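S.K.: Below you'll find the structure I mean.
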Amino acid sequence: MGEADDITVMVAALRGKFGAASVLTGEDAQAQAHGWSDFGTPLAVVRPRSTAETAEMLLAFTEKGVPIVPWGGKTGLVGGGSATGAVAISFDRMAVVEMIDSVDRIMLVEAGCTVQAASEAAEAKGMFFPLDLGSGGSATIGGVVSTNAGGLRVLRFGMMREQVLGLEVVLADGSIVSALHPLMKNNTGYDIKQLFIGAEGTLGVVTRAMLRLRPALPSRSTALLGLNSFAHVATLLVELERRLGGMLSTYELMWAETYRMATSPPSRPRPILPNGYGYYVLVEAMGGDQDADRERFEAALAEIMESGIIADAVVAQSEREADDMWSVRHDGELTELAPFVAVDVSLRVSVIAEYVDTLRAEIEALWPGSRTALVGHIGDGNIHVVVSLEKDDTADRRKAISEAVMNCTARFQGSISAEHGIGLDKRNYLSMSRSAAEIEVMRAIKRALDPRNLMNPGKVLPPVPGKVCA
Ligand code: LAC
Ligand code: ZN
């Protein structure tokens, strides 16, 4: 029996057991394979309704040597979900918020629940789930766990890793590791959940997560600031953190060009501060007392302004004004640069100014006339570098530009992926940010949990020449 026949038999068996809707094939499967990057041509898409079903469906394929690729909201940008020659697992039928407890400040969620749905469920109980991503309406909990997603409030609340207390996962051999611990402190040996957070499905498939919640923070103070040098941007970050005593939740930077594009047609947002400053910073502080917090926020900004670090400032006077400021970041588009390639990197704040000058010069020298725009979660040292392409630029050009950005980043001891992961696109560059010894530990873990290389194979780890397995 050939592989295709094998798959047909397995699909029929699964449908017989779990219902016709449990497996999609052919055009129905392909129709699901669209998202923010390439999701390939899956052999089939299975749709479990529970962890037990996930284990059974997964094993049906891995037993026969068929690889598995878990899918979340398909908003990944590095090809981590590409499922050509594999069976994809969709969690669209596992999207329930199972439990919220406001005393223990925890929430138990199935992998397919979107970030937005999880946040709204928490909010309805007076709680707060802090992960804030542009893709939150589609991105799923399983996806953001598997990619250790970041976003716009990492500075205060951490990346996804910091929101996870426990996980349930299915391994390549179909075994279920149910480690849905609800505890903040749990030093009882190796912290197994950490292996699966950010592993992009290469070690196992996340089916449920126990997440940490915070009480809802009713006060939000937001401002948009204009500054004239990167040194001021760096100083302001430290000054605000100091003066706001942990309340600073967002510190987002737009370089002048980015701000101009984000606030002029065809972008929807309009400029809130005039163009002309070198840097625009969106800041937000969250707390428990609107009046007192606002006073402290405004006093901090006024004091810093006296020192000349801030050139111009608008403080939002209403929710609506705050939303308009956020909209510049969320809805501003860089249409003028399209088509473009975007590279996600992180660096120490102290080297960013020099890095950006060097990078711009290198890109200009290699691709004269191309344009570079930058936007950054600067509180986290994270920059998204956006470089314009010509309409007829090939995949090779895209790759060469992205490689140049990563190269420059590595020379400044930065990370070639801050929050978007490695997937397929960056796997060959892993050694720019990780030592040989570190990569060998990763391979040892991979071999231990997935000896036959069936869990999202070919992602994250660079291929070993002449070897089929990781
Ligand atoms: C952002 C995503 C793309 O920062 O990381 O908008
Ligand atoms: Zn980002």
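The values are calculated or read from the model by the stated rules, or taken from the named source; none is laboratory data. Since this is a predicted model, take the numbers as computed values, not measurements. Note that we place each Cβ from the backbone using ideal geometry, even for glycine, and neighbour counts take in every protein chain shown. Accessible surface is based on the protein model in full, side chains and every heavy atom, while ligands, DNA and RNA are left aside. Shrake-Rupley method; radii C 1.70, N 1.55, O 1.52, S 1.80 Å.
S.K.: Could you state the accessible area per residue of the chain in Å², with a 1.4 Å probe and every protein chain left in place?
M.R.: Numbers: 20140 Å² over 470 residues.
On a per-residue basis, 43 Å².
S.K.: Based on the Cα gyration tensor of the range 326-466, what are the three equivalent ellipsoid semi-axes, each the root of five times an eigenvalue, rounded to whole Å and given largest first?
M.R.: Working: eigenvalues 168, 61, 48 Å².
Taking √(5λ) for each Cα gyration eigenvalue gives 29, 18, 16 Å.
S.K.: Residue by residue, what Karplus-based ³J(HN,Hα) values in Hz, rounded to whole numbers, does the range 266-280 have, using 6.51, -1.76 and 1.60 with θ = phi - 60° and x for Gly and Pro?
M.R.: Working through the residues one at a time gives x, 4, 6, x, 10, x, 9, 9, x, 5, x, 7, x, 9, 10 Hz.
S.K.: Under the Karplus relation 6.51 cos²θ - 1.76 cosθ + 1.60, θ = phi - 60°, what is the ordered set of whole-Hz ³J(HN,Hα) values for the range 63-75, x standing for Gly and Pro?
M.R.: Once θ is set to phi - 60°, the couplings for the range 63-75 become 3, 9, x, 8, x, 10, 10, x, 10, x, x, 6, 9 Hz.
S.K.: Another one. Would you mind checking the radius of gyration and Dmax of the chain based on alpha-carbon positions, in Å?
M.R.: For the chain, the Cα radius of gyration and maximum Cα-Cα distance read 23.1, 78 Å.
S.K.: Pairs of Cα atoms under 8 Å, at least six residues apart: use those to get the relative contact order of the range 233-308, whole percent.
M.R.: Computed value for the range 233-308: 37 percent relative contact order.
S.K.: Further, regarding this structure: If you project the alpha carbons of the range 15-73 onto their three principal axes, what span does each projection cover, largest first, in Å?
M.R.: Answer, in whole Å and largest first: 30, 23, 19 Å.
S.K.: Let me ask you something else. Please tell me the relative contact order of the range 362-470 in percent, rounded to the nearest whole number, where contacts are Cα pairs under 8 Å and at least six residues apart. Numbers along the way, then the final one.
M.R.: Values: 87 pairs, mean separation 19.3, N = 109.
Answer for the range 362-470 is 18 percent.
S.K.: How do 174-185, 228-239 rank on mean C-beta neighbours within 10 Å, highest first? Each step should come with its number before you reach the end.
M.R.: Values: 174-185: 13.9, 228-239: 17.5.
Most protected by this proxy first, the peptides run 228-239, 174-185.
S.K.: Here is a further query. From the backbone phi of the range 197-204, what are the Karplus-calculated ³J(HN,Hα) couplings (6.51 cos²θ - 1.76 cosθ + 1.60, θ = phi - 60°) in whole Hz, Gly and Pro given as x?
M.R.: 6, x, 8, 6, x, 7, 10, x
S.K.: What angle, in degrees between 0 and 90 and rounded to the nearest 10, separates the Cα long axis of helix 290-306 from the longest principal axis of the Cα atoms of the chain?
M.R.: It works out to around 60 degrees.
S.K.: So who's got an amide H within less than 5 Å of the one on Asp132, skipping anything under 5 residues away but keeping other chains? H placed 1.01 Å off N, in plane.
M.R.: HN-HN under 5 Å from Asp132: Leu152, Arg153.
S.K.: Out of the range 302-365, which trypsin sites (Lys or Arg not before Pro) are coil in DSSP terms and have no more than 12 other C-beta atoms within 10 Å? It would help to have the intermediate numbers written out before the result.
M.R.: Details: sites: Arg320, Arg329, Arg348, Arg360; in loops: Arg348.
Filter output for the range 302-365: Arg348.
S.K.: Follow-up. Tell me which residues come under 5 Å, amide H to amide H, from Met99 once H is placed; ignore anything under 5 positions away on its chain.
M.R.: Leu108
S.K.: Between helix 51-62 and the chain, what is the angle of the helix's C-alpha long axis to the longest principal axis, kept within 0 to 90° and rounded to the nearest 10?
M.R.: The answer is roughly 60 degrees.
S.K.: If you don't mind, another one. Please state, rounded to one decimal and in Å, the Kirkwood hydrodynamic radius that the range 5-151 gives when every pair of distinct Cα atoms enters the mean of 1/r.
M.R.: Values: mean 1/r = 0.0626 Å⁻¹.
With all distinct Cα pairs of the range 5-151 included, I get 16.0 Å.
S.K.: On alpha carbon coordinates alone, what is the Rg over Rh value for the range 148-211, Rh being the Kirkwood radius?
M.R.: Numbers: Rg = 12.1 Å, Rh = 12.4 Å.
Ratio value, two decimals: 0.98.
S.K.: Calculate the translational D of the range 85-212 in whole µm² s⁻¹ from Stokes-Einstein, where the hydrodynamic radius comes from the Kirkwood formula applied to all Cα pairs, the temperature is 4 °C and the viscosity 1.567 mPa s. Display every interim value, and only then the final one.
M.R.: Values: Rh = 14.6 Å.
Diffusion coefficient, whole number: 89 µm²/s.
S.K.: Next up: For a quick check: with amide H placed at 1.01 Å from N, whose amide H comes under 5 Å from Leu167's, ignoring anything fewer than 5 positions away on the same chain?
M.R.: Residues meeting the criterion, in which the H sits 1.01 Å from N, are Ala179, Leu180, His181, Met210.
S.K.: Additional query: If one puts a single equal scatterer on every Cα of the range 242-336 and applies the Debye formula without solvent, what log₁₀ I(q)/I(0) results at q = 0.15, 0.23 Å⁻¹?
M.R.: Result of the Debye calculation: -0.62, -1.27.
S.K.: Helix 436-449 against the longest principal axis of the chain: what's the angle in degrees, Cα atoms only, rounded to the nearest 10?
M.R.: 40 degrees
S.K.: What are the semi-axes of the equivalent ellipsoid of the range 323-377, taken as the square roots of 5 times the eigenvalues of the Cα gyration tensor, listed largest first and rounded to whole Å? Could you put the intermediate results ahead of the total?
M.R.: Working: eigenvalues 101, 63, 13 Å².
Each semi-axis is √(5λ); the values are 23, 18, 8 Å.
S.K.: Further question on the same structure: Counting other C-beta atoms within 10 Å, and keeping those with at most 15, which DSSP coil chymotrypsin sites (Phe, Trp or Tyr not before Pro) do you find in the range 154-201?
M.R.: Numbers: sites: Phe157, Tyr190, Phe196; in loops: Tyr190.
Loop-located and lightly packed - Tyr190.
S.K.: Output the peptides 113-125, 277-289 sorted from most to least packed, where packing is the average of other Cβ atoms within 10 Å over each peptide's residues.
M.R.: Details: 113-125: 18.8, 277-289: 20.9.
In descending order of packing, they fall as 277-289, 113-125.
S.K.: Sort all Cα-Cα distances of the range 284-337 into consecutive 5 angstrom bins from zero, then give the percent of pairs in each bin up to the one containing the longest distance.
M.R.: The calculated distribution, bin by bin, is 4, 15, 20, 21, 18, 12, 5, 3, 1.
S.K.: Can you give the calculated 222 nm mean residue ellipticity of the chain, where each DSSP H run of n ≥ 4 adds -39,500 (n - 2.57) and the sum is split over every residue, rounded to the nearest 500 deg cm²/dmol?
M.R.: Numbers: 14 runs with 162 residues, N = 470.
That calculation yields -10500 deg cm²/dmol at 222 nm.
S.K.: Over the Cα atoms of the range 401-470, how large are the radius of gyration and the largest Cα-Cα distance (Dmax), in Å?
M.R.: My reading of the Cα-based Rg and Dmax gives 12.7, 37 Å.
S.K.: Could you work out the relative contact order of the chain, using alpha carbon pairs under 8 angstrom and six or more residues apart, expressed as a whole percent? Kindly include the intermediate steps, with their values, before the conclusion.
M.R.: Working: 959 pairs, mean separation 69.2, N = 470.
This gives 15 percent for the chain.
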